[in-house]
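The values are calculated or read from the model by the stated rules, or taken from the named source; none is laboratory data. Since the model is a prediction, treat every value here as computed from it, not as a measurement. Cβ placement follows ideal geometry from the backbone for every residue including glycine, while neighbour counts extend to all protein chains displayed.
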Amino acid sequence: MASTSTGSSASGAQFLDPAVLGRIGNLQLLAKTVVDGFLTGLHRSPHLGFSIDFAEHRPYMPGDDIRRIDWRLFARTDRHYIKLFEADTNANFAVLLDVSASMNYGSHTLTKLDYARYLAACLSFFSNQQRDRVGLVTFDHEIVEYVPPSMKHFDTVLHLLDKAEAGRAGNLSGPLLQITELLRRTGILVIISDFYEDPDAVMEALGPLRARGHDVIVFHVMDPHELEFPFEEASGFEDLETHEQIPVIPTKLREEYRRVVAHHLDELQRRMTGSRMDYTLLDTSKPLDMALFQYLLARERMMKTR
Amino acid sequence: MSLAFLVPLFLLGIAGIVVPVVVHLTRRQRKNVVHFPSLMFLEKIPYQEQRRRRIQHWFLLSLRALALALLALAFARPFMDDAELGLGATGGPREVVVLVDQSYSMEIGDHLEQARERAQDVFDGLGPLDRASVVAFSQGATVLARSTSDRARLRGALDTLQLSSGATRFGPALKVAQTILEESNLARGEVYMLSDFQRVGWIGDEGVRFPAGADFIPLPLGEAASVEENYLVTDVSLPRQSVSGRERITPTARVVRRGGSEPETVAVTLLVDGQVLQQQDVLLAPDAAASVQFPPLTLSRPHTRATVQLPEDALSADNAHHFVVSPGAALGVLIVEGASANSNESLFLRRALEISDDGRFRVTVRRASSIRPVDLEGVDAVFLNDVIIDGGSAERLRAFVGEGGGVLVALGEEGGWPASAGDMLPGTIGPVQDRLQGRGGRLGFLQYSHPIFEVFAGPRSGDFTGARFFRARAFQATDSAEVLARFDDGSVAMAEHTTGRGKVIVWANTLDDFWNDLTRQPIYLPFMHRVTEYLGGRAEAVPWFTIGQVVDLANPEALLTAGLVSSEAAGLAEGLDQVALTPSGQTVPLPAGEGPRYLPLEEHGFYTVRPPGTEPERPFVMAVNVDLEESNLARIDAEELGAQLTAPPGSEGRALNVDEAASLQREDQERRQSLWRWLLLAALALFMTETALSNWVSRQKAGAQPGLAG
């Protein structure tokens, strides 16, 4: 996992603390704060992956810079054409955010959805800085909101992230299949979810995205209580999505629960890695930097391969 | 003997034991709900609610169940039913009252001991549910033990039984028995009377009626046929004489013999201050009486104790007759007459007072219209014989009267009273009125209840009607005055006004023969004696009292009657604390204070009264003799007595039917055993133990599981 790259937390790391982020109401300011702080600490160039692509030719007009005249075309056609270049993005970037009811759980100040929104905002901001086209899809058992990737949609993405609410039951396969149809141009897809489904079902849902050529980065958001199951008193446990309730004596079940969860996580990681998807488990009590590093690494790798 | 329940319905409450078990097994912790994102992983774990279905603290549960069971048992009112207490034969529990005679006649033979044994027999025959009372009686009745089934207490009450000096009176004891039976809720009543059943103890129907269902069972003691021979002293006369200025007394005892067959010589002994003074023999035939006169006895010291004693016989209490004598003090009389009065103005009065066997009056005459303080020294009564005194003398007389002296104002031609001291008189003095028509006036009304005229009340005890009054002074009595005598025309002849402790009497006539011929009547001398004794505060001393009398030691008049002279009586009545020593040697404290200080005389012999902690040489002594009625040993028919007490047959009874009796019996058994109290206490203790234990267990559990999350 990316744990090796988290050792270089810098002076801006305090801005990555989820508890601090929870007090910043504006998502854009939050994202900017996080990303700038993160990058400043990283001492990396903010223009990594920057390039200029050819757009079109147009006839020379007096006043145009003669350095931009395409002399090769003049040689063939004997006409002066200006070569226009477009400061284009490197890729499409879309966040696929799970807003099912189970994401509305949080044992401390932040719910998993809050954490996911911050993460999505930060990644979107970061990508926007990289001139990527930014899009957003929120889904539970169907697509809730869809913002196609575009340079101009960053504000919309942030607005929708801000408004995102979890409340309904979730299902991965249906909405992700629709997204596969919607996102025809390959790009970077960041999927943020708690993946309360069987690994087979998860892979079945994610498989088409990867097959379509998208770079899939998976962030598995889990609350620490979901991981550790520290409950003591015998209680009735109610499912946030189905509202089913069962009596549980946590002390008796804790070890078994942890084992089952660990097996689930291991299976997800193994299957995703095998499918060349980047899988990262995020503990909502931990800072966001691990997620950012993970994204950065993936982005860099894609730049190299391209 | 088996366990039974008074209210078995409450045993259903034992079913409540299952409540804690059911609650324990079915209770869900609904208040603790944890919202969790998904139960996906939890549902994969095989799990059952085994812990809730398994009772972990068997001991606590047992405690709870046991406490509930005890509670239900307590409410069911358990008791050990003694089947031996069958009701069919006995007809229900009894309220038994044992009346034991303790009058002094019970000393004959061993009647009291017999009574004790037979009472014990009665108590031994009591059933387990019967209750009994012990009442000792003589003149009054004392409850020694009331309505108890405690045999030891009844036995203890019998042990305290003692002879008294009182005479037999059945009435009070039977009244007490009636009250006990009426207050009892038991089915039957039985009254046992242990007595020698003297006829004198029953004066007829005294309003005693036992409730229906109560039986009177007489248990006569001794043989009814045998009449005991008994000697007794019935009276002692104590005539006084004054010889050579010294007072002498000649005791004469009257001795009676009851029963017997042959004449017997009896030694009669006179003891003075505990020492035998003289002994005389007297021959007494059966059922005869004789007088024994002892030689004159010179009285030199006050409160002299004397006893006329007969030899011991079966009934000893009436063999001694005690009395107390003191030398009589002569009354000092001052006669004041006008300076210009006739020489025989007070002749009749003076002569009348000088005539007495025992020289009881010491007369001084003063011819002046003023009275000096020295004139009043040693004087008990003052006669103002047709004289008008000055105001200063009147004030001196006011003080004299206030301290207990007496003044008689005789109104003749010259007589009067200073207006400044008019409030001392019982009225206002008017002019002279003549009664010359016919044969003059007479005394038409006399206040015979007054001490002065009391002795003249009987027939042939003195005749005032022969006296004629030709002239008198008009006298208008005030409302507060007591008119002692009126003339036949209704005008006041004699009136009295009480001032302080003394009194002032106005006689609206002369004391000589000028206005009337009373002085020539035989009645004149005793009349003047009575007036003088009354004014001087002399009361006839009682040489002995009888058992049952009560003396008020705060009442000077009662003390005067008891033999104290005026100054002593006043001193004792107003004095500090006193203590009375009874004949048996017990002390009775008589603390000073407001109100009466009663001393009941309950023993025969001498009662000594003195200040506590002192040993006066001649203390105040009162002699007490037994009631001689008790010496009459004639018996009443006990059956006849019982017939007067119990309800006639056929009257509506109070007896309960068998079911009611059985119910009462069960209630009584339960009430006496009171097992429910112990069960309730045990249940309480178990509840407290259970609470403490469960708290401890909870604390232990909480200590092992800190930091709950969720």
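Scanning the range A:163-176 for residues that are surrounded by 14 or more Cβ atoms within 10 Å (Cβ to Cβ) and in a helix (DSSP H, G or I) yields A:173, A:174, A:175, A:176.
Suppose we keep only residues that are of a type in the set (Lys, Arg) and surrounded by 15 or more Cβ atoms within 10 Å (Cβ to Cβ) within the range B:234-268. Which one would you say is farthest from the chain's Cα centre (by Cα)? So the residue we want is B:248.
Residues in the range A:258-275 include none that are surrounded by fewer than 14 Cβ atoms within 10 Å (Cβ to Cβ) and modelled with pLDDT under 80.
When residue A:134 is tested against (1) touching a strand residue (DSSP E or B) at 6+ places or on another chain (Cβ under 6 Å); (2) in a helix (DSSP H, G or I); (3) among the β-branched types (Val, Ile, Thr), just one condition goes unmet, and that condition is (2).
With the structure loaded, tell me whether residue B:266 is out of contact with any helix residue (DSSP H, G or I) (no Cβ under 8 Å at 6 or more places or on another chain), part of a strand (DSSP E or B), without any contact (Cβ under 8 Å) to a residue 12 or more places away in the chain and on the phi < 0 side of the Ramachandran plot or whether it fails that test. Taking the combined requirement at face value, the residue does not satisfy it.
With the requirement that a residue be farther than 28 Å from residue B:619 by Cα and part of a loop (DSSP other than H, G, I, E, B), what does the range B:289-319 give you? Lay out the reasoning, then the answer.
Start the filter on the range B:289-319 by keeping residues that are farther than 28 Å from residue B:619 by Cα, which leaves B:289-292, B:311-315.
Once the filter is applied, which keeps residues that are farther than 28 Å from residue B:619 by Cα and part of a loop (DSSP other than H, G, I, E, B), the range B:289-319 yields B:311, B:312, B:313, B:314, B:315.
If you scan the range B:601-624, which residues turn out to be over 10 Å from residue B:582 (Cβ atoms) and surrounded by 14 or more Cβ atoms within 10 Å (Cβ to Cβ)? Reasoning before the result, please.
First, pick out the residues of the range B:601-624 that are over 10 Å from residue B:582 (Cβ atoms): B:604, B:609-623.
The answer is B:604, B:609, B:610, B:611, B:619, B:620, B:621, B:622, B:623.
Counting residues in the range A:123-135 that are out of contact with any Cys (no Cβ under 9 Å at 6 or more places or on another chain), closer than 16 Å to residue A:205 by Cβ, assigned by TED's automatic domain parsing to the domain that holds residue A:215 and not polar (S, T, N, Q) gives zero. Considering the range B:105-137, the residues that are acidic (Asp, Glu) and within 29 Å of the chain's Cα centre (by Cα) include one that is nearest to residue B:147 (Cα to Cα), namely B:113. All of B:154, B:71, B:60, B:144 fail the test of being within 30 Å of residue B:21 (Cα to Cα) and modelled with pLDDT of 85 or more, apart from B:71.
Please tell me if residue B:383 is assigned by TED's automatic domain parsing to the domain that holds residue B:336 and within 29 Å of residue B:457 (Cβ to Cβ). Spell out how you get there, then give the answer.
Numbers: assigned by TED's automatic domain parsing to the domain that holds residue B:336: yes; within 29 Å of residue B:457 (Cβ to Cβ): yes.
It is true that residue B:383 is assigned by TED's automatic domain parsing to the domain that holds residue B:336 and within 29 Å of residue B:457 (Cβ to Cβ).
Residues in the range B:14-57 that are in a loop (DSSP other than H, G, I, E, B), at pLDDT 70 or above and away from chain A (no Cβ under 11 Å): B:57 only.
Of the residues making up the range A:106-123, none is among the basic types (Lys, Arg) and under 16 Å from residue A:183 (Cα atoms). Those residues that are of a type outside the set (A, V, I, L, M) and either over 24 Å from residue A:99 (Cα atoms) or outside the structural domain of residue A:183 (by TED's automatic domain parsing) (or both), I need them from the range A:213-238; list them, please. Within the range A:213-238, A:213, A:230, A:231, A:232, A:233, A:235, A:236 meet the criteria.
The single condition among (1) out of contact with any Gly (no Cβ under 6 Å at 6 or more places or on another chain); (2) without any contact (Cβ under 8 Å) to a residue 60 or more places away in the chain that residue B:487 does not meet is (1).
Selection of first residues in the range A:285-298 that are acidic (Asp, Glu) and of second residues that are surrounded by fewer than 22 Cβ atoms within 10 Å (Cβ to Cβ), restricted to Cβ pairs under 8 Å at least 6 apart or on distinct chains, gives the following pairs, ordered by first then second residue: A:289/A:6; A:289/A:9; A:289/A:13.
When the range B:601-641 is examined, which residues are found to be in a strand (DSSP E or B), under 30 Å from residue B:220 (Cα atoms) and under 19 Å from the mean Cα position of the chain (by Cα)? Working first, answer last.
Quick first cut of the range B:601-641, residues in a strand (DSSP E or B) only: B:605-610, B:620-625, B:635.
Now narrow it down to the ones that are under 30 Å from residue B:220 (Cα atoms): B:605, B:624-625, B:635.
Those that are in a strand (DSSP E or B), under 30 Å from residue B:220 (Cα atoms) and under 19 Å from the mean Cα position of the chain (by Cα): B:605, B:624, B:625.
Considering only residues that are within 14 Å of another protein chain (Cβ to nearest Cβ) and more than 10 Å from the chain's Cα centre (by Cα), which ones fall in the range A:115-140? If the condition is that a residue be within 14 Å of another protein chain (Cβ to nearest Cβ) and more than 10 Å from the chain's Cα centre (by Cα), then A:115, A:140 are the ones that fit.
Looking across the range B:325-381, the residues that are of a type in the set (Lys, Arg) and assigned to a helix (DSSP H, G or I) come down to B:350, B:351. Where strands (runs of 3 or more DSSP E) sit wholly within the range B:128-225, those with at least 3 residues that are of a type in the set (Val, Ile, Thr) and in the same structural domain as residue B:110 (by TED's automatic domain parsing) occupy B:141-148.
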